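Have a look at the structure below before the remarks.
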Amino acid sequence: DAPAAIEFYPNQAFPYLLAGIAFNEADNSSEALSYLESGLIYVVQNPNLKLEFYLQLAAAYHLEKEHKQSDTYFDKALSLDPKNATALNNYAYYLAQRGEKLEKALELTQKSNELKPNNAVFLDTWAWVLFKQKQYPLALEKIEAALALSATKSAEVLEHYADILAANNRSQEALKQYQLALEKDPQNLSLQQKIDALQWE
(Lines give C-alpha, C1' and ligand atoms only; values in the text may rest on other atoms or scores of the structure.)
Protein backbone atom coordinates (compact mmCIF):
# COMPACT_ATOMS: atom_id res chain seq x y z
CA ASP A 1 0.00 0.00 0.00
CA ALA A 2 2.95 2.37 0.47
CA PRO A 3 3.41 3.21 -3.24
CA ALA A 4 -0.29 4.12 -3.39
CA ALA A 5 0.13 6.34 -0.33
CA ILE A 6 3.04 8.08 -2.03
CA GLU A 7 0.77 9.04 -4.92
CA PHE A 8 -1.44 10.94 -2.46
CA TYR A 9 1.42 12.31 -0.32
CA PRO A 10 4.46 12.59 -2.65
CA ASN A 11 6.29 15.06 -0.40
CA GLN A 12 5.92 13.05 2.82
CA ALA A 13 8.89 10.90 3.80
CA PHE A 14 7.12 8.25 5.87
CA PRO A 15 5.40 6.31 3.03
CA TYR A 16 8.76 6.06 1.25
CA LEU A 17 10.26 4.54 4.40
CA LEU A 18 7.44 2.01 4.62
CA ALA A 19 7.92 1.08 0.98
CA GLY A 20 11.65 0.64 1.59
CA ILE A 21 11.04 -1.61 4.58
CA ALA A 22 8.53 -3.72 2.66
CA PHE A 23 10.79 -4.21 -0.34
CA ASN A 24 13.78 -5.00 1.88
CA GLU A 25 11.72 -7.64 3.67
CA ALA A 26 10.73 -9.06 0.27
CA ASP A 27 14.44 -9.23 -0.74
CA ASN A 28 13.87 -6.67 -3.47
CA SER A 29 16.68 -4.36 -2.47
CA SER A 30 16.90 -2.47 -5.74
CA GLU A 31 13.27 -1.36 -5.43
CA ALA A 32 13.85 -0.57 -1.74
CA LEU A 33 16.76 1.69 -2.64
CA SER A 34 14.66 3.55 -5.18
CA TYR A 35 12.04 4.47 -2.59
CA LEU A 36 14.46 5.10 0.26
CA GLU A 37 16.73 7.41 -1.71
CA SER A 38 13.73 9.29 -3.09
CA GLY A 39 12.15 9.68 0.34
CA LEU A 40 15.26 10.69 2.25
CA ILE A 41 15.25 14.15 0.68
CA TYR A 42 11.89 14.84 2.35
CA VAL A 43 13.20 14.20 5.86
CA VAL A 44 13.52 17.60 7.54
CA GLN A 45 14.39 18.20 11.21
CA ASN A 46 13.45 14.66 12.21
CA PRO A 47 16.58 12.78 13.31
CA ASN A 48 14.65 9.67 14.38
CA LEU A 49 13.07 9.31 10.96
CA LYS A 50 16.41 9.98 9.27
CA LEU A 51 17.95 7.24 11.42
CA GLU A 52 15.36 4.74 10.18
CA PHE A 53 16.10 5.68 6.57
CA TYR A 54 19.82 5.20 7.17
CA LEU A 55 19.29 1.75 8.68
CA GLN A 56 17.10 0.61 5.81
CA LEU A 57 19.55 2.01 3.27
CA ALA A 58 22.39 0.15 5.00
CA ALA A 59 20.39 -3.09 4.79
CA ALA A 60 19.46 -2.55 1.14
CA TYR A 61 23.01 -1.78 0.07
CA HIS A 62 24.19 -4.86 1.96
CA LEU A 63 21.75 -7.00 -0.03
CA GLU A 64 23.05 -5.35 -3.20
CA LYS A 65 26.61 -6.22 -2.09
CA GLU A 66 27.48 -2.52 -2.18
CA HIS A 67 29.35 -2.87 1.08
CA LYS A 68 31.07 0.51 1.14
CA GLN A 69 27.71 2.24 0.80
CA SER A 70 26.17 -0.01 3.44
CA ASP A 71 28.96 0.82 5.90
CA THR A 72 28.59 4.52 5.16
CA TYR A 73 24.92 4.48 6.11
CA PHE A 74 25.61 2.52 9.29
CA ASP A 75 28.22 5.12 10.22
CA LYS A 76 25.69 7.87 9.54
CA ALA A 77 23.10 6.11 11.69
CA LEU A 78 25.52 5.72 14.57
CA SER A 79 26.57 9.36 14.29
CA LEU A 80 22.93 10.22 15.00
CA ASP A 81 22.50 7.63 17.74
CA PRO A 82 25.74 5.99 18.97
CA LYS A 83 23.75 3.83 21.41
CA ASN A 84 21.33 2.35 18.90
CA ALA A 85 21.71 -1.34 19.74
CA THR A 86 20.05 -2.56 16.55
CA ALA A 87 22.36 -0.49 14.36
CA LEU A 88 25.40 -1.72 16.29
CA ASN A 89 24.27 -5.34 16.02
CA ASN A 90 23.39 -5.29 12.34
CA TYR A 91 26.59 -3.50 11.39
CA ALA A 92 28.63 -6.06 13.32
CA TYR A 93 26.77 -8.96 11.74
CA TYR A 94 27.22 -7.72 8.19
CA LEU A 95 30.95 -7.20 8.78
CA ALA A 96 31.21 -10.72 10.21
CA GLN A 97 29.37 -12.20 7.25
CA ARG A 98 31.92 -10.56 4.97
CA GLY A 99 34.85 -11.47 7.22
CA GLU A 100 35.99 -7.85 7.18
CA LYS A 101 36.98 -5.36 9.90
CA LEU A 102 36.51 -8.05 12.52
CA GLU A 103 38.04 -6.00 15.32
CA LYS A 104 35.52 -3.26 14.63
CA ALA A 105 32.77 -5.87 14.43
CA LEU A 106 33.76 -7.16 17.86
CA GLU A 107 33.62 -3.66 19.35
CA LEU A 108 30.19 -3.09 17.82
CA THR A 109 28.70 -6.37 19.00
CA GLN A 110 30.12 -6.02 22.51
CA LYS A 111 28.56 -2.56 22.77
CA SER A 112 25.17 -3.77 21.53
CA ASN A 113 25.22 -6.58 24.09
CA GLU A 114 26.15 -4.17 26.86
CA LEU A 115 23.20 -1.97 25.90
CA LYS A 116 20.77 -4.89 25.52
CA PRO A 117 21.99 -7.82 27.60
CA ASN A 118 20.39 -11.25 27.34
CA ASN A 119 19.21 -10.67 23.79
CA ALA A 120 19.37 -13.90 21.78
CA VAL A 121 19.82 -12.16 18.41
CA PHE A 122 22.63 -9.95 19.68
CA LEU A 123 24.36 -12.88 21.37
CA ASP A 124 24.20 -14.85 18.11
CA THR A 125 25.97 -11.97 16.37
CA TRP A 126 28.63 -11.87 19.10
CA ALA A 127 29.16 -15.62 18.67
CA TRP A 128 29.43 -15.26 14.91
CA VAL A 129 32.02 -12.47 15.15
CA LEU A 130 34.08 -14.59 17.54
CA PHE A 131 33.77 -17.57 15.18
CA LYS A 132 35.05 -15.47 12.30
CA GLN A 133 37.97 -14.44 14.52
CA LYS A 134 38.62 -18.16 15.18
CA GLN A 135 37.93 -17.72 18.88
CA TYR A 136 36.01 -20.98 18.84
CA PRO A 137 35.57 -21.76 22.59
CA LEU A 138 34.30 -18.24 23.28
CA ALA A 139 32.03 -18.42 20.24
CA LEU A 140 30.53 -21.65 21.58
CA GLU A 141 29.87 -20.02 24.94
CA LYS A 142 28.00 -17.12 23.33
CA ILE A 143 25.97 -19.20 20.87
CA GLU A 144 24.82 -21.53 23.63
CA ALA A 145 23.78 -18.52 25.71
CA ALA A 146 21.80 -17.27 22.70
CA LEU A 147 20.09 -20.62 22.23
CA ALA A 148 19.18 -20.79 25.91
CA LEU A 149 17.30 -17.50 25.55
CA SER A 150 15.57 -18.37 22.27
CA ALA A 151 12.13 -19.98 22.33
CA THR A 152 12.23 -20.72 18.60
CA LYS A 153 15.51 -21.45 16.89
CA SER A 154 15.89 -20.38 13.28
CA ALA A 155 17.72 -22.42 10.66
CA GLU A 156 20.37 -19.69 10.49
CA VAL A 157 21.12 -19.81 14.23
CA LEU A 158 21.18 -23.61 14.23
CA GLU A 159 23.63 -23.53 11.34
CA HIS A 160 25.80 -21.08 13.25
CA TYR A 161 25.70 -23.43 16.24
CA ALA A 162 26.68 -26.37 14.06
CA ASP A 163 29.53 -24.47 12.42
CA ILE A 164 30.86 -23.49 15.83
CA LEU A 165 30.50 -27.04 17.19
CA ALA A 166 32.40 -28.38 14.19
CA ALA A 167 35.15 -25.81 14.73
CA ASN A 168 35.41 -27.07 18.32
CA ASN A 169 35.89 -30.66 17.04
CA ARG A 170 32.40 -31.79 18.11
CA SER A 171 31.41 -33.24 14.75
CA GLN A 172 28.57 -35.50 15.78
CA GLU A 173 26.83 -32.75 17.70
CA ALA A 174 27.37 -30.45 14.73
CA LEU A 175 25.80 -33.02 12.40
CA LYS A 176 22.67 -33.14 14.55
CA GLN A 177 22.32 -29.34 14.49
CA TYR A 178 22.82 -29.20 10.72
CA GLN A 179 20.06 -31.77 10.33
CA LEU A 180 17.73 -29.74 12.56
CA ALA A 181 18.54 -26.64 10.52
CA LEU A 182 17.80 -28.49 7.28
CA GLU A 183 14.39 -29.52 8.62
CA LYS A 184 13.58 -25.82 8.98
CA ASP A 185 15.15 -24.83 5.64
CA PRO A 186 14.96 -27.90 3.37
CA GLN A 187 15.97 -25.98 0.21
CA ASN A 188 19.31 -24.92 1.68
CA LEU A 189 21.94 -26.70 -0.42
CA SER A 190 24.78 -25.41 1.75
CA LEU A 191 23.35 -27.23 4.76
CA GLN A 192 23.06 -30.47 2.81
CA GLN A 193 26.67 -30.14 1.67
CA LYS A 194 27.84 -29.68 5.26
CA ILE A 195 25.84 -32.73 6.36
CA ASP A 196 27.31 -34.81 3.55
CA ALA A 197 30.83 -33.70 4.43
CA LEU A 198 30.45 -34.70 8.08
CA GLN A 199 28.82 -38.03 7.23
CA TRP A 200 31.80 -38.91 5.06
CA GLU A 201 34.35 -38.14 7.78
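The values are calculated or read from the model by the stated rules, or taken from the named source; none is laboratory data. Being a predicted model, the structure only gives us computed values, none of them experimental. All Cβ positions, glycine included, derive from the backbone under ideal geometry; neighbour counts span all protein chains shown. Surface areas here come from the heavy atoms of the whole protein model, side chains and all, with no ligands, DNA or RNA. Shrake-Rupley method; radii C 1.70, N 1.55, O 1.52, S 1.80 Å.
Please go through region 118-158 and pick out each residue that is of a type in the set (Lys, Arg) and at pLDDT 95 or above.
Lys132, Lys134, Lys142
Would you point out which residue out of Glu100, Glu31 is outside any helix (DSSP H, G or I) and either free of Cβ contacts under 8 Å to residues at least 24 places away in the same chain or more than 23 Å from Ala2 (Cβ to Cβ) (or both)?
Every option except Glu100 fails the conditions.
Mind counting the residues in region 106-131 that are in contact with a Lys or Arg (Cβ under 7 Å, 6 or more places away or on another chain) and either buried (at least 19 other Cβ atoms within 10 Å of the Cβ) or touching a residue at least 40 places away in the same chain (Cβ under 8 Å) (or both)?
The qualifying residues number 5.
Looking only at region 165-201, count every residue that is farther than 19 Å from Glu144 by Cα, open to solvent by 70 Å² or more (accessible area, probe 1.4 Å) and assigned to a loop (DSSP other than H, G, I, E, B) and tell me the total.
Summing the residues that are farther than 19 Å from Glu144 by Cα, open to solvent by 70 Å² or more (accessible area, probe 1.4 Å) and assigned to a loop (DSSP other than H, G, I, E, B) in region 165-201 gives 4.
Considering (1) open to solvent by 40 Å² or more (accessible area, probe 1.4 Å); (2) out of contact with any Leu (no Cβ under 7 Å at 6 or more places or on another chain); (3) modelled with pLDDT under 95, say which one Glu103 fails and leave the rest.
Against the list (1) open to solvent by 40 Å² or more (accessible area, probe 1.4 Å); (2) out of contact with any Leu (no Cβ under 7 Å at 6 or more places or on another chain); (3) modelled with pLDDT under 95, Glu103 comes up short only on (3).
Looking at region 45-67, which of its residues are more than 16 Å from the chain's Cα centre (by Cα) and without any contact (Cβ under 8 Å) to a residue 12 or more places away in the chain?
Once the filter is applied, which keeps residues that are more than 16 Å from the chain's Cα centre (by Cα) and without any contact (Cβ under 8 Å) to a residue 12 or more places away in the chain, region 45-67 yields Gln45, Asn48.
Restricting attention to region 46-69, does a residue exist that is part of a loop (DSSP other than H, G, I, E, B) and more than 24 Å from Thr125 (Cα to Cα)?
For region 46-69, residues part of a loop (DSSP other than H, G, I, E, B) and more than 24 Å from Thr125 (Cα to Cα): present.
Select from region 102-136 the residues that are over 17 Å from the mean Cα position of the chain (by Cα), of a type outside the set (Ser, Thr, Tyr) and within 24 Å of Ile195 (Cβ to Cβ) and list them in ascending order.
Across region 102-136, the qualifying residue is only Lys134.
Picking from Leu88, Leu78, Leu49, which residue would you name as being closer than 13 Å to Ala13 by Cα and open to solvent by less than 70 Å² (accessible area, probe 1.4 Å)?
Leu49
Against the definition (more than 14 Å from the chain's Cα centre (by Cα), aromatic (Phe, Trp, Tyr) and modelled with pLDDT of 95 or more), how does Tyr161 come out, yes or no?
Here the answer is yes, as Tyr161 does meet what is asked.
Only one residue in Lys65, Lys134 is under 22 Å from Asn24 (Cα atoms) and surrounded by fewer than 19 Cβ atoms within 10 Å (Cβ to Cβ). Which one?
Lys65
Quick one: in region 144-164, which of the residues that are of a type outside the set (Ser, Thr, Tyr) and outside any helix (DSSP H, G or I) is nearest to Asn118 (Cα to Cα)?
Restricting to residues being of a type outside the set (Ser, Thr, Tyr) and outside any helix (DSSP H, G or I), the top hit is Ala151.
Condition first: under 18 Å from Lys76 (Cβ atoms) and surrounded by fewer than 10 Cβ atoms within 10 Å (Cβ to Cβ). Now tell me which residues in region 1-46 satisfy that.
Val44, Gln45
Is it the case that region 142-149 has a residue that's under 29 Å from Glu64 (Cβ atoms) and touching a helix residue (DSSP H, G or I) at 6+ places or on another chain (Cβ under 9 Å)?
Checked region 142-149: at least one residue is under 29 Å from Glu64 (Cβ atoms) and touching a helix residue (DSSP H, G or I) at 6+ places or on another chain (Cβ under 9 Å).
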